[in-house]
Amino acid sequence: MPLARSLDDLAQILREARRAQGLTQSELGDRAGVRAHHISNIENGVTNPTAATILSLFAALELDWQVVPRATGARIEDIF
């Protein structure tokens with residue numbers, strides 16, 4: 001699984017994991033307690049999800065959340 005270094009990366013990871021499991025946005029929403037249109041907005045980069053929403057989606061997709069240090073010299077602008 002690739003690292004999510006931006007919101008676009010996160011959106012791609014969520015979309016690919018959802019599709020790999022054969023889930024619709026509605027089905028994932030039911031599992032995670034998130035509305036399907038919100039998942040669509042996250043996957044399309046329209047909205048920035050809260051940490052709680054990300055964790056709910058990851059749990060529903062059985063994905064791990066891991067926090068690792070950034071590379072030396074990386075700035076916040078390099079990520080977002």
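The values are calculated or read from the model by the stated rules, or taken from the named source; none is laboratory data. Everything numeric in this text was worked out from a predicted model, so none of it was measured. Cβ atoms come from the backbone with ideal geometry, glycine included; neighbour counts cover every protein chain shown. The area values use the complete protein model at the heavy-atom level, side chains included, leaving out ligands, DNA and RNA. Shrake-Rupley method; radii C 1.70, N 1.55, O 1.52, S 1.80 Å.
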Filtering the range 26-65 down to residues that are among the aliphatic types (A, V, I, L, M), free of Cβ contacts under 8 Å to residues at least 12 places away in the same chain and not in a loop (DSSP other than H, G, I, E, B) yields Ala51, Ala52, Leu55
Test set (1) open to solvent by less than 50 Å² (accessible area, probe 1.4 Å); (2) within 13 Å of Ala4 (Cβ to Cβ) - Ala36 fails condition number: (2)
